[in-house]
């Protein structure tokens with residue numbers, strides 16, 4: 001994997017510009033969208049197809065494979081809030097392992113870690129915040145590689161029961 | 001013709017007078033050879049965004065005794081966010097006061113806040129325009145703005 005791919009979600013055009021620049025400075029590959037709905041679309045997750053998902057598939061419903069290593073989202077957005085988006089991601093078999101970070105101008109982080117958010121950043125987000133992202137990405141990378149190894153083992157050794 | 005010293009002094013005064021806060025420094029740190037106009041671009045975006053929001057606020061506050069406080073609060077919230085993101089501290093402060101008035105459903109307070117915001121916005125816009133003009137002149141003359 002050449003670069004980590006971060007999906008940033010924010011309804012503010014200025015904050016989108018800022019977060020994109022901050023992430024690119026850290027050498028992330030960045031996609032920016034302006035709503036939770038667009039984020040889910042980008043991730044290949046469409047509402048009524050959530051139930052039909054197979055585990056371990058990324059963007060099973062679309063032809064293209066979209067690999068996103070981290071999602072960073074604004075909390076306060078019209079329509080689907082960052083909280084709604086977080087929950088939808090964690091409820092999805094194919095997306096729940098993607099680390100999610102929440103940003104907000106208000107101190108709203110109570111309950112977010114229980115819902116599965118890795119971190120909370122108070123806006124305006126700064127370089128020092130973005131520098132905290134790599135460990136979360138590396139942790140997921142290691143887990144994905146472990147999963148990959150376990151899957152391969154499972155495929156080749158059908159008779160042997162799963163370890164985990 | 002502006003000198004670098006004048007630019008430094010001017011920028012410093014903007015911080016001292018509270019027009020700018022540390023977030024503006026953060027913006028400047030994000031500017032480099034690959035993104036040489038980053039600060040101007042973000043601030044220009046802020047102007048466009050702020051002007052749209054101010055127009056909408058005028059319309060809403062113009063309802064006088066029928067003010068939709070929730071809507072006004074939502075608009076001010078956006079302006080508070082964007083001004084905070086570029087370090088426009090005085091604008092951000094007025095937004096906070098404005099939001100409090102919305103919560104109290106204080107019509108007079110909202111009227112006053114709208115005037116304050118328009119004033120602070122106009123002021124900071126002028127300051128930024130001067131700042132950018134100075135930088136541009138120095139750059140055109142072959143110098144470079146200090147970071």
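Could you check, for the stretch B:23-38, whether at least one of its residues is crowded, with 18+ Cβ neighbours inside 10 Å, in contact with a helix residue (DSSP H, G or I) (Cβ under 9 Å, 6 or more places away or on another chain), more than 13 Å from chain A (Cβ to nearest Cβ) and in a helix (DSSP H, G or I)?
No: the stretch B:23-38 contains no residue that is crowded, with 18+ Cβ neighbours inside 10 Å, in contact with a helix residue (DSSP H, G or I) (Cβ under 9 Å, 6 or more places away or on another chain), more than 13 Å from chain A (Cβ to nearest Cβ) and in a helix (DSSP H, G or I).
Residue under question is residue A:7, and the condition is that it be in contact with a helix residue (DSSP H, G or I) (Cβ under 7 Å, 6 or more places away or on another chain), more than 14 Å from chain B (Cβ to nearest Cβ), modelled with pLDDT of 95 or more and crowded, with 19+ Cβ neighbours inside 10 Å; does it hold?
yes
Just one of (1) in contact with a strand residue (DSSP E or B) (Cβ under 9 Å, 6 or more places away or on another chain); (2) loosely packed, with under 15 Cβ neighbours inside 10 Å trips up residue B:120, so point out which.
The number of the failed condition is (2).
Between B:78, B:63, which is away from chain A (no Cβ under 14 Å), surrounded by 12 or more Cβ atoms within 10 Å (Cβ to Cβ) and without any contact (Cβ under 8 Å) to a residue 40 or more places away in the chain?
B:63
Tell me which residues, restricted to the stretch B:83-97, are touching a helix residue (DSSP H, G or I) at 6+ places or on another chain (Cβ under 7 Å), within 12 Å of chain A (Cβ to nearest Cβ), under 22 Å from residue B:12 (Cα atoms) and part of a helix (DSSP H, G or I).
Listed by number, the residues that qualify are B:83, B:84, B:85, B:86, B:92.
Before we move on, is residue B:119 under 15 Å from the mean Cα position of the chain (by Cα), farther than 25 Å from residue A:17 by Cβ and away from chain A (no Cβ under 14 Å)?
yes
From the residues in the stretch A:21-35 that are away from chain B (no Cβ under 12 Å) and touching a strand residue (DSSP E or B) at 6+ places or on another chain (Cβ under 6 Å), which one is surrounded by the most Cβ atoms within 10 Å (Cβ to Cβ)?
A:28
The values are calculated or read from the model by the stated rules, or taken from the named source; none is laboratory data. This structure is a prediction, so every number in the text was calculated from the model and none was measured. Because the Cβ atoms are built from the backbone with ideal geometry, glycine has one as well, and the counts that use them run over all protein chains shown.
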